[in-house]
1. I'd like the accessible area for H332, computed on protein heavy atoms only with a 1.4 Å probe and all protein chains in place. Round to 10 Å², please.
2. In what sequence, largest accessible area first, do K169, K291 appear using a 1.4 Å probe?
3. With +1 on each Lys and Arg Cβ and -1 on each Asp and Glu Cβ, and nothing else charged, work out how big the dipole of the chain is about its Cα centre, in Debye to the nearest 20.
4. Please report the carbon-and-sulfur percent of the accessible area for the chain; probe 1.4 Å, protein heavy atoms only, DNA, RNA and ligands left out.
5. With every protein chain present, what accessible area does I159 have (1.4 Å probe, heavy atoms only), rounded to the nearest 10 Å²?
6. Which residue, L303, G321, S331, has the largest displacement toward the positive end of the dipole of the stretch 252-353 when charges sit on each Cβ (Lys, Arg +1; Asp, Glu -1)?
7. Using only helices, what value at 222 nm comes out for the chain when you add -39,500 (n - 2.57) per DSSP H run of length 4 or more and divide by the total residues, to the nearest 500 deg cm²/dmol?
8. Out of these labelled values of Rg/Rh (Cα atoms, Kirkwood Rh), [x] 1.05; [y] 0.94; [z] 1.00, which was calculated from the coordinates shown here?
Amino acid sequence: MGWSFSISVVLSLTLLVQIHGNGIRFQKNGCNLFEGSWVYDDSYPLYHSSTCPFIEPAFDCEKNGRPDKFYLNYRWQPTGCNLTRFNGEDFLRRLKGKSLMFVGDSLSLNQWQSLTCMLHSALPSAPYSSVKNGGLSIFTFPSYDVKLMFSRNAFLVDIVGEKNGRVLKLDSIEGGQTWKGIDVLIFDSWHWWLHTGRKQPWDFIEDGNQTVRDMDRLVAYEKAMRTWAKWVDTNVNPAQTRVFFQGVSPDHEDAQKWGANAGNTCLRESRPVLGSKYPGGAVPAELSVEKVIRSMRKAVELLDFTTLSQLRKDGHPSIYGNGGHRGLDCSHWCLPGVPDAWNVLLYNALIQK
C-alpha cells in the first residue's frame with residue numbers, strides 16, 4: 001500500500017526545501033531542523049532500556065554499568081523552531097498497513113532498535129512479534145498491521161564469493177530485490193568502508209572490468225553510491241515509496257577533532273559539544289552522499305544527522321558496550337540516546353504532509 005501523497009506533491013509544500021537536484025532536506029516554517037544544539041531536558045529520555053526487553057546488549061550502556069547519566073537527558077533543539085514530540089501511537093496510525101525498512105550496517109541497526117524501543121515503550125500493551133531470518137529482522141505490530149524491518153547490508157552493493165575470493169562489486173546491486181514493494185526505505189552506508197585487515201569482509205574490489213586488491217575507499221564508496229542511486233532511479237515509484245538516506249554517522253575516536261588533547265577518545269566523555277558547530281568540520285563521505293543525491297532523477301530525502309551527531313561525543317558505549325572493558329566503541333550509540341533523536345526527526349519528516 002502506497003502513501004496517500006506523491007513526492008511531487010510533497011515537493012510543493014512549504015515545509016520542505018529542495019537542496020540539490022531532487023535531494024530534499026526538511027524545514028519547518030523556514031527553520032532547518034538539522035541545525036541547532038543539544039539541550040538538557042528532564043523529561044528525557046523517551047524510554048529506559050529496562051522497558052525495552054529486546055534491546056541489543058551492545059547498546060544497553062546502563063545495564064553494562066555506565067555510571068554517568070547526563071547523556072540520557074539531552075534533546076535535540078533546532079535553532080529557530082521546535083520539533084513535534086514523538087508520539088508512538090500517531091506514528092503507527094500513520095503507518096498503518098505499511099512497511100518501513102532500514103537498510104545498512106550496524107548504525108542502521110542502532111536506529112531500527114531505537115525506533116522499536118520508542119514504540120514499545122509508548123504502547124507497552126500493544127502486541128508485537130520479532131523474527132530474524134538471516135540478514136533480515138522484522139518487528140511487527142499486528143494490531144496496526146505495521147512492519148518495521150532491518151536489512152543488514154553494509155555496502156548496499158554486492159559481495160560475491162568467487163574462485164579467487166570475496167569480491168566487492170561496485171556496480172552490482174542484486175540485494176535490491178529485498179527492497180522492492182516497501183513503503184518507506186531508509187538507507188545507510190559508510191562505517192564498513194573503512195575496515196581493513198581481519199574486519200574487511202572482501203578480498204578484491206571489482207570496478208567495471210577491472211579487479212583490484214584495494215583502492216581509495218572514498219572513491220569506491222562514491223562509485224557504490226552511484227550504483228545505489230541508479231537502482232533507486234530505475235526501481236522506485238515515488239507515488240508508492242518514500243526514500244530516505246541516513247546521514248553519515250560519525251565516530252569520536254580522535255579527541256583533537258573537538259578541541260581536546262591528542263590520544264583521548266569518547267571514553268569518559270559525559271557532555272555534548274556546546275553550541276551548533278563541530279570543530280572537526282564535515283565528514284567527507286557526507287559530501288559524497290550529497291553529491292550523489294543531487295544527481296538523481298528520483299527524490300531522496302536526506303536525514304542530515306551528521307553534524308548533530310558529531311556534537312554528541314558523550315553518546316557512545318565506549319567501554320560499556322558488548323566488549324565491556326576489553327573493548328572501546330566510539331562508533332555505535334547508547335540506547336536510549338542519539339538514535340532516538342534521529343527517529344524524532346524521521347517522525348517529523350513523515351508527518352509533514
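1. That residue has around 30 Å² of solvent-accessible surface.
2. K291, K169
3. Numbers: 38 positive and 35 negative charges, 91 e Å.
Computed charge dipole of the chain: roughly 440 debye.
4. 49 percent
5. Here the accessible area works out near 70 Å².
6. Of the listed residues, the answer is L303.
7. My calculation for the chain gives -6500 deg cm²/dmol from helical runs alone.
8. Evaluating Rg/Rh (Cα atoms, Kirkwood Rh) on these atoms matches [y].
The values are calculated or read from the model by the stated rules, or taken from the named source; none is laboratory data. Fair warning: this is a prediction, and the values are worked out from it, not measured in the lab. Positions of Cβ are backbone-derived with ideal geometry, glycine not excepted, and every protein chain shown enters the neighbour counts. Just the protein is used for accessible areas: all its heavy atoms, side chains included, with ligands, DNA and RNA removed. Shrake-Rupley method; radii C 1.70, N 1.55, O 1.52, S 1.80 Å.
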